[in-house]
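Notes follow once the structure below has been shown.
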Amino acid sequence: QAFNQNIGKIYSPKCRAKFCDNACGLPAEQYIKRGKVSEVTDQYTIVDNSRFEENDHFKHGVLTFTDGKNKGASLTIAEYRERKINFITPFLNKIEVGDEYKIQTGCDKNFSTCINKFNNALNFRGEPHVPGIGRLVNT
């Protein structure tokens, strides 16, 4: 158990803040959209024909059903392409056409994303410029 405890600060090129928490500082309501299922491919994939965001806009985001058999259930989005939303794991209950949901924009926790997608570099909670182990070993 002692080996699993952190001693000191952890450095990472990725952001340690949870998207839209106090450390991130972005308002969650600004990054949440609502939608309705148009097609169900399987328990891992749905389509919403009313979505027109760019590909990967919701990747790493969260979808939460607001009605239907999965009401209140949330899952992380593995991929978003051309109105198709793929999940990392399946929902437990059957998804049906017409089920309504709310979906949060995704953040991959990279510094470039924080700058380019969210204009939030001041609140980035990572160390993107600290050299990694490869830099330390290679001379």
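Label-to-label distance for K33 and I10 is 3.2 nm, based on points extended 7 Å past Cα in the beta-carbon direction. Protein heavy-atom surface of the chain, 1.4 angstrom probe: 50% of the accessible area is carbon and sulfur, with nucleic acids and ligands not counted.
Of the chymotrypsin sites (Phe, Trp or Tyr not before Pro) found in region 1-85, those that fall in a DSSP loop while having at most 14 other beta-carbon atoms within 10 Å are Y11, F52.
Simple point charges give the picture: +1 on the Cβ of Lys and Arg, -1 on the Cβ of Asp and Glu, and for the chain a dipole about the Cα centre of about 420 debye. Taking every protein chain into account, the accessible area of region 14-105 amounts to 57 square angstrom per residue (probe 1.4 Å). In the chain the longest region clear of GluC sites (Glu not before Pro) that are loop-assigned by DSSP and have at most 15 other C-beta atoms within 10 Å covers 1-52. Calculated on the alpha-carbon coordinates, the convex hull of region 1-122 measures out at 136 cubic angstrom per residue.
The values are calculated or read from the model by the stated rules, or taken from the named source; none is laboratory data. Keep in mind the model is a prediction, meaning the values are calculated, not measured. When we count neighbours, we look across all protein chains shown, and the Cβ atoms used for this are built from the backbone with ideal geometry, even at glycine. These accessible areas exclude ligands, DNA and RNA; they are computed on the full protein's heavy atoms, side chains included. Shrake-Rupley method; radii C 1.70, N 1.55, O 1.52, S 1.80 Å.
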